[in-house]
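The values are calculated or read from the model by the stated rules, or taken from the named source; none is laboratory data. This structure is a prediction, so every number in the text was calculated from the model and none was measured. Heads up, the Cβs are rebuilt from the backbone with ideal geometry, glycines too, and the neighbour counts pull from every protein chain shown. Side chains are part of the model used for accessible areas, which takes the heavy atoms of the whole protein and leaves out ligands, DNA and RNA. Shrake-Rupley method; radii C 1.70, N 1.55, O 1.52, S 1.80 Å.
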There are 2 protein chains.
Amino acid sequence: MMNLGSMTVHQDCDDCPIRHRAVCARCEADELQLLEEIKYYRRFEAGSHVIWSGDKMDFVGSVVSGIATLTQTMEDGRTQMVGLLLPSDFVGRPGREGSAYDVVATTDLVMCCFRKKPFERMMETTPAIAQRLLQMTLDELDAAREWMLVLGRKTAREKIASLLSIIARRDASLNFNSSDGGLTFDLPLTREAMADYLGLTLETVSRQISALKKDGVIVLEGKRHVIVPDMARLMEEAGDDSDGGLLA
Amino acid sequence: MMNLGSMTVHQDCDDCPIRHRAVCARCEADELQLLEEIKYYRRFEAGSHVIWSGDKMDFVGSVVSGIATLTQTMEDGRTQMVGLLLPSDFVGRPGREGSAYDVVATTDLVMCCFRKKPFERMMETTPAIAQRLLQMTLDELDAAREWMLVLGRKTAREKIASLLSIIARRDASLNFNSSDGGLTFDLPLTREAMADYLGLTLETVSRQISALKKDGVIVLEGKRHVIVPDMARLMEEAGDDSDGGLLA
DNA sequence: TGGTCTGCTTGATCTGCGTCAAGGCGAGGT
DNA sequence: ACCTCGCCTTGACGCAGATCAAGCAGACCA
């Protein structure tokens, strides 16, 4: 469940759940055997549930391609997204039985999975794995806290700008698509999903996106393709003080 | 920076930063020496900063007594509390240079600290420490996400009820003060601090507390002492579906 | 070519909470 | 006994964002 934080990616292996030389199945010959034995891929269609809140979760893994969301729902239907899973993000809880959240594929999704039990056994015998997971979890915790500030104290316009700048930054670190000076990316979320992430309604999301467009902070091609002519401007709109903000 | 989640406490040792037999200085003779060497206590006055956001943090540790808060602040002064540190909670980031947040003592505070470098060395040689920290961090992540739902989707009244029920639960698990059938505790936070935690203003906090009092959900003795005649009722007001909610 | 469906936009109105402002209450000091 | 200061309460008013409602645009299908 690693999300929102960019991380250093070891270039040689791009579908391992834990992207670090010390624990990567492709890199360390002596660990390869065990990891490969318990490794498998799963494919999910856009809109399908990867796991339901409360269900038993017998695997851990990471997103290879596509996008998934982590959401909580109250009995009356109010829902809050608590995590956004982009390629390379980790899903799962070694040492936990069930999932506390719904994990939903918002696009077609491929995940690289490990059965949980053997993975946990590996964690015990290979300390570097736990340490790597600890670092990833700390990153996620920072991201979650960053998001608490967004949810608790930012205006609707700032919330939208925050979300856009996070997606832009994540996207830019995966692909390298800053072409004509302006950063460019596709929104992976519907207006409703954005609203659930930001604690807003979809109407407010729509209005604020229109406002940012009118003010020239962003340019839209269609409804999903976004061009950011001036990233610094966008981050200013987001109320971000620091340039990077989201920790390395 | 463990907060909001209750955890199993090993009864024999009540001031060790990591409350688990396998890594506790008082329990494991062979580790005692190293831990004791780098262990020391620090005292903070109510209102003083334990660490400033951005400052270098050369220790990790845990709260022995008193209460501290974790807060983020925007340039214009808007602040959001992102964590509440009660006794037994852990503070610090093995593997990180600085702190991303202000840590402030809201009451007089005693912490049990370890210098970071030696602690990190211990983490490498004693795998159980990293694994224990991972579990604690996962708990904290769950708590942060629980709080995202509170911040993003709950009404002011529900927010107050959520905070009260979390404090009540935490308090009850430390002391055993359910006397006359009604649960009882002291608010460790000012109205303003509660507002910063809940993404509200202090006036709204005050009004909603008055409203809960008027409706008989809570009874106040003075401004800080709270009696909860019916915990189930309070949790219903909080919009909590599950009974425990906050994970073990 | 039209029909439907899903995602999105925009307008009108309502309301929960923020903002501004005026005290109240209890602790500690002189 | 009085003053002050920090913390809290309560009231009046305004506004950002929710709610209700109507309609648009593109994808897909028959």
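For the reader, a short list of remarks on this structure follows.
- Matching residues, segment A:108-152, being surrounded by fewer than 22 Cβ atoms within 10 Å (Cβ to Cβ), in contact with a helix residue (DSSP H, G or I) (Cβ under 9 Å, 6 or more places away or on another chain) and without any contact (Cβ under 8 Å) to a residue 40 or more places away in the chain: A:Arg121, A:Glu124, A:Thr125, A:Pro127
- With respect to the conditions (1) more than 8 Å from chain A (Cβ to nearest Cβ); (2) out of contact with any His (no Cβ under 7 Å at 6 or more places or on another chain), B:Arg132 lacks only one, and its number is (2).
- Residue match in segment A:36-50 (condition: polar (S, T, N, Q) and at pLDDT below 90): no
- Restricting segment B:193-240 to residues that are among the acidic types (Asp, Glu) and either over 30 Å from B:Tyr101 (Cβ atoms) or within 12 Å of DNA strand C (Cβ to nearest atom) (or both), the residue that is most open to solvent (accessible area, probe 1.4 Å) is B:Glu236.
- Complete set of residues in segment B:144-171 that are among the hydrophobic types (A, V, I, L, M, F, W, C) and within 10 Å of chain A (Cβ to nearest Cβ): B:Ala144, B:Trp147, B:Met148, B:Leu149, B:Val150, B:Leu151
- Residue match in segment B:180-197 (condition: part of a helix (DSSP H, G or I), touching a strand residue (DSSP E or B) at 6+ places or on another chain (Cβ under 9 Å), among the aromatic types (Phe, Trp, Tyr) and assigned by TED's automatic domain parsing to the domain that holds B:Ile67): no
- When A:Leu183, A:Leu189 are screened for being surrounded by 15 or more Cβ atoms within 10 Å (Cβ to Cβ), farther than 12 Å from A:Ile160 by Cα and at pLDDT below 95, only A:Leu183 passes.
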